[in-house]
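Participant: Dropping the structure in here first, questions after.
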Amino acid sequence: MDIFTQFNRKGIQDRQVDTLIGLSKGITANGAVDQAEAEFLQGWLVQNSQTQNPIIINLLNKVGEMLDDGILDSEESKELLSILHSISGEKAEIGELSKTSTLPICSPPPKVEFEGRSFLFTGTCAYGTRKDCQSAIEALGGVNAKSVTKKLNYLVLGTYVTDSWIHESFGRKIEKAMEYRDSGLPIVILTEEHWLIESGLSSEKLA
């Protein structure tokens, strides 16, 4: 691939993300996401998925899962609203989106060891689908855990986890990990951003 093609592709992705931010602001303006808006968003994502932008691909997969049964239920609507708020940078209905410093992560962020260590992802990740993240762990010599247990080494919080995490479907995983950590078990809770930096994958898919 020549430099001109690479530059063009980067420009297309930048415009796509700018457009997605605009769409996200418009869809969330009234504080809710309805069926028609979700279907419109899905159509736009399909049309713009050819460049393999990880943010677009991941969101397309997420919206596809939500609409797989043909119905956007209330919980899915709330989750999609949170995701779109995080993309647009707008405030959530009640409070601001959770920043890294307000999430229950270990501070300072620790050195991450991969070989033989167990990882579990929760929330929505910018890197890609859950399978993408799990494949990356396996390639780095790690093990993918199925749930939060006393033997879990790392719980990775997806980029789109917001300050309403305690009310989301994945909130129980975070609570359980916090309980184990507070009891003295060496479970590390970290952000997706830190995991990417430690793994060396940040420049590969999010540059």
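Participant: Too long at a 24 Å Cα-Cα cut-off: which of Lys146/Lys176; Lys25/Lys62; Lys150/Lys173; Lys62/Lys150; Lys62/Lys111; Lys151/Lys176?
Facilitator: Numbers: Lys146/Lys176 14 Å; Lys25/Lys62 18 Å; Lys150/Lys173 12 Å; Lys62/Lys150 29 Å; Lys62/Lys111 30 Å; Lys151/Lys176 12 Å.
Going by Cα-Cα distance, Lys62/Lys150; Lys62/Lys111 fall outside the 24 Å limit.
Participant: Amide H of Ala126: which non-local residues (sequence gap of 5 or more, or other chain) have their own amide H closer than 5 Å, using H built in the peptide plane?
Facilitator: Thr159, Tyr160
Participant: Hand me the trypsin sites (Lys or Arg not before Pro) from region 126-156 located in a DSSP loop with no more than 15 other Cβ atoms within 10 Å, in residue order please.
Facilitator: Working: sites: Arg130, Lys131, Lys146, Lys150, Lys151; in loops: Lys146, Lys150, Lys151.
Those that pass, being in a loop and sparsely packed, are Lys146, Lys150, Lys151.
Participant: Here is a follow-up. Tell me the relative contact order for region 3-88 as a rounded percent, counting alpha carbon contacts under 8 Å between residues six or more apart.
Facilitator: Details: 53 pairs, mean separation 37.1, N = 86.
Across region 3-88, relative contact order equals 43 percent.
Just so you know, all these numbers are worked out from the coordinates, no wet-lab data involved. Everything quoted here is computed from the prediction, not taken from an experiment. Virtual Cβ from ideal backbone geometry, glycine too; neighbours counted across all protein chains shown.
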